[in-house]
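Reviewing the structure listed below.
The values are calculated or read from the model by the stated rules, or taken from the named source; none is laboratory data. This one's a predicted model, so the numbers in the text were calculated from it and none came from an experiment. With ligands, DNA and RNA removed, areas are computed over all heavy atoms of the protein, side chains included. Shrake-Rupley method; radii C 1.70, N 1.55, O 1.52, S 1.80 Å.
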Amino acid sequence: MPLPVDLSSSSRLDAAAVRSGKLTNVPSDHMAIAEYSHGEWRKGRIQAYRPIPMPPFALGLHYAQIVFEGMKAYRRTDGSIGVFRTERHHDRFNRSLRRMCMPEVPYELFADAIHGLVAVDHGWVPDGPDSALYLRPFMIASEERMGLKVADEYLFMVIAGPFRPLFSRPLRIKVEREYVRAAPGGTGYAKCAGNYAAAMYPTKLAQQDGYDQILWTDALTHSTVEESGATNVMFVIDGTVVTPPLTDTILDGVTRASALEIASTLGIPTVERSVTVDELRDGIRSGSITEAFGVGTAASVAPIGSIGIDGVDIELPNVPNGVAQQLKKAFADIRFGNEDPYGWMHTISERSVKETV
Ligand SMILES: *Cc1c(COP(=O)(O)O)cnc(C)c1O
């Protein structure tokens, strides 16, 4: 059932500027919102994007019962709009929510909020191939309460804005040997707000040293590689795509899972196994490691050009038509073309656009 829509009385949409990618990082006109209290979801709707009332004692503001997702709607070459892998993002959202003691969001509500918002704000989806409408589903404990407890009231929302990736040049990343993003038994696998706050200070230090991002290592020995910023990492070692296996310290990226599947289809061998920092250093120097790249919703596939290990920057060669390029092209074909061999795209049809608005 589509969510009821209360259209905004004014629009900030400059359609030409959005379509051409000139207008980015601004919220679209509408948002989806639903309230949870006393064990049930109520009043899901789409309304004008605006500030939300939040009591200063809201539990989420103090104890970080806050979980989010990041996904995208793409404008295909034929003008239609597709949303990438709603089901899989929903699965992960609920996994994160369970870890934070927050109630799950039923698939219908999640999908109706996302697809309904994209239908209403379809004019905000820029043209490809680098741009997309970024979608940010999130949930926060809204109950007003002084003491530390699991909240009984929540807000689930979806907000959106046209977006284009920041990095176009290969990334410079720093292997982190001191700070920790995620420890065994912790919350690293959840897309919960606190993880990102805790990563800011070490990331700032790395950026002061000229790096774009941190390559996190395991919390106990700092000797095996985990992931980087808000992307999972992959290496091409002797022609095989190698990526660290999923544990509770690594975020289960939708792009990671999709890239592994695409690589297999392309006939590129893949393996999920641990990679040590020593193996990275030696492999890049000997030439057995030919590529390193990040995979995530924000940048799709982002080549890594240099890795700083204990103060020494090791450069990776620039590989034209390498695995990163092939994966990036395959993603673009699925998202912007009209072929969807995996059934990953949810089409926002013209009909649903007209019926909703
Ligand atoms: C979101 C995120 C990723 C990438 O996940 P995608 O679903 O591919 O966008 C990887 N690592 C972290 C820490 C993240 O927050």
TODO: Could I get the Rg over Rh figure for the range 171-317? Both from C-alpha atoms, Rh via Kirkwood, rounded to two places.
DONE: 0.93
Open item on the list: Using alpha carbons only, how many angstrom separate the centre of the range 1-74 from the centre of the range 268-301?
Closed with: 37
TODO: Would you kindly calculate the translational diffusion coefficient of the chain, applying Stokes-Einstein with the Kirkwood radius from alpha carbon pairs, for 20 °C and a viscosity of 1.002 mPa s, and quote it in µm² s⁻¹ without decimals?
DONE: 100
Open item on the list: For the pairs Lys72/Lys328; Lys174/Lys204; Lys149/Lys191; Lys72/Lys204, flag any whose C-alpha to C-alpha distance is greater than 22 Å.
Closed with: Lys72/Lys204
Task: Length gained when the stretch Leu220-Leu246 is fully extended (0.36 nm per residue, less Cα-Cα span) - done: 7.7 nm
Open item on the list: Past the 20 angstrom mark, what percentage of all C-alpha to C-alpha distances in the range 253-313 do you count?
Closed with: 36
Open item on the list: Once ligands and nucleic acids are excluded and a 1.4 Å probe is used, how much of Val254 is accessible, expressed in Å² to the nearest 10?
Closed with: 10
TODO: Report, to the nearest whole %, how much of the accessible area of the range 104-168 belongs to carbon and sulfur atoms, 1.4 Å probe, protein only.
DONE: 54
Task: Helix-derived mean residue ellipticity, 222 nm - over the chain, DSSP H n ≥ 4, -39500 (n - 2.57), to 500 - done: -8000 deg cm²/dmol
Task: Three principal axis lengths of the range 96-204 [C-alpha, angstrom, descending] - done: 44, 41, 23
- [ ] Leaving out ligands and nucleic acids, note down the accessible area per residue over the chain with a 1.4 angstrom probe, in whole Å².
- [x] 45
